[in-house]
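A.B. asks: Quick one: structure below, then a few questions.
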Amino acid sequence: MTHTDRRSFLKSSACMVCVLATAGCGGDAPGPVDAGRVEDYATGVLKYVGGGVAVGKDDGGLYAISTICTHSDCDIGEDGELTQDLITCNCHGSQFGSDGSVITGPAQSPLDFYEITIGEFGEVTVHTDRGTDSSTRVSAEDEER
């Protein structure tokens, strides 16, 4: 194998690793996630809904937070513990507060929050392609029907 062929092979291999790592980690592709119905959520509970997302309800309404650990892309919903006050990744021990902030590393970055919409019949949709502030809440009364 010549030097040029080897360089091309290594570059292609590196690109393939990136593609596979992205496809295999970090939840589903960005877009809408069906999160059930408004009545599925009790105040004070954070519920994993799949696709790398959890939906919680507090006195302000519903909110959606990423369950993908910012340290190594483990899905905390599948391998961790979710409570309204503390989100713990069991892969490497990172802990996050209810506002997504890092409490304990090795994670360095906060968890993302996503926009929620509520449909005409109370169906909840999380839009993982639309980030929002950690303080954003949506209640059934806020949505136009």
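The values are calculated or read from the model by the stated rules, or taken from the named source; none is laboratory data. Quantities reported herein were computed from a predicted structural model and do not represent experimental measurements. Please note: Cβ atoms are built from the backbone with ideal geometry, for glycine as well, and neighbour counts cover all protein chains shown.
A.B. asks: Can you find even one residue in the stretch 87-98 that is among the aromatic types (Phe, Trp, Tyr) and either touching a residue at least 40 places away in the same chain (Cβ under 8 Å) or assigned to a loop (DSSP other than H, G, I, E, B) (or both)?
C.D. replies: no
A.B. asks: Quick test for you: out of Thr43, Thr83, Thr70, pick the one residue that is surrounded by 17 or more Cβ atoms within 10 Å (Cβ to Cβ) and polar (S, T, N, Q).
C.D. replies: Thr70
A.B. asks: When only residues in the stretch 133-142 that are surrounded by fewer than 17 Cβ atoms within 10 Å (Cβ to Cβ) and over 14 Å from Ser98 (Cα atoms) count, which is modelled with the highest pLDDT?
C.D. replies: Ser139
A.B. asks: List, please: which pairs have Cβ atoms under 6 Å, are six or more places apart or on different chains, and start with a residue in the stretch 124-141 that is in contact (Cβ under 8 Å) with a residue 40 or more places away in the chain and end with one that is of a type in the set (S, T, N, Q)?
C.D. replies: Hits for this filter: Thr125/Thr117.
A.B. asks: Please report, ordered by residue number, the strands (runs of 3 or more DSSP E) entirely within the stretch 28-82 with at least 1 residues that are β-branched (Val, Ile, Thr).
C.D. replies: 32-37, 45-50, 53-58, 61-66
A.B. asks: Kindly evaluate Gly27 against the criterion of being at pLDDT 90 or above and surrounded by 12 or more Cβ atoms within 10 Å (Cβ to Cβ).
C.D. replies: For Gly27, the condition - at pLDDT 90 or above and surrounded by 12 or more Cβ atoms within 10 Å (Cβ to Cβ) - is not met.
A.B. asks: Something else now. Looking only at residues that are free of Cβ contacts under 8 Å to residues at least 60 places away in the same chain and surrounded by 14 or more Cβ atoms within 10 Å (Cβ to Cβ) in the stretch 105-116, which one is nearest to Pro32 (Cα to Cα)?
C.D. replies: Top of the filtered list is Glu115.
A.B. asks: Go through the stretch 99-139 and give me each residue that's in a loop (DSSP other than H, G, I, E, B) and among the hydroxyl-bearing types (Ser, Thr, Tyr).
C.D. replies: Answer for the stretch 99-139, where residues must be in a loop (DSSP other than H, G, I, E, B) and among the hydroxyl-bearing types (Ser, Thr, Tyr): Ser101, Ser109, Ser134, Ser135, Thr136, Ser139.
A.B. asks: Next question, about the same structure. How about the stretch 91-100: which of its residues are farther than 17 Å from Gly44 by Cα and either of a type outside the set (S, T, N, Q) or at pLDDT below 95 (or both)?
C.D. replies: Once the filter is applied, which keeps residues that are farther than 17 Å from Gly44 by Cα and either of a type outside the set (S, T, N, Q) or at pLDDT below 95 (or both), the stretch 91-100 yields Cys91, His92, Gly93.
A.B. asks: In the stretch 52-62, is there at least one residue being in contact (Cβ under 8 Å) with a residue 12 or more places away in the chain and either touching a Pro at 6+ places or on another chain (Cβ under 6 Å) or over 19 Å from Asp40 (Cβ atoms) (or both)?
C.D. replies: No, because not a single residue in the stretch 52-62 is in contact (Cβ under 8 Å) with a residue 12 or more places away in the chain and either touching a Pro at 6+ places or on another chain (Cβ under 6 Å) or over 19 Å from Asp40 (Cβ atoms) (or both).
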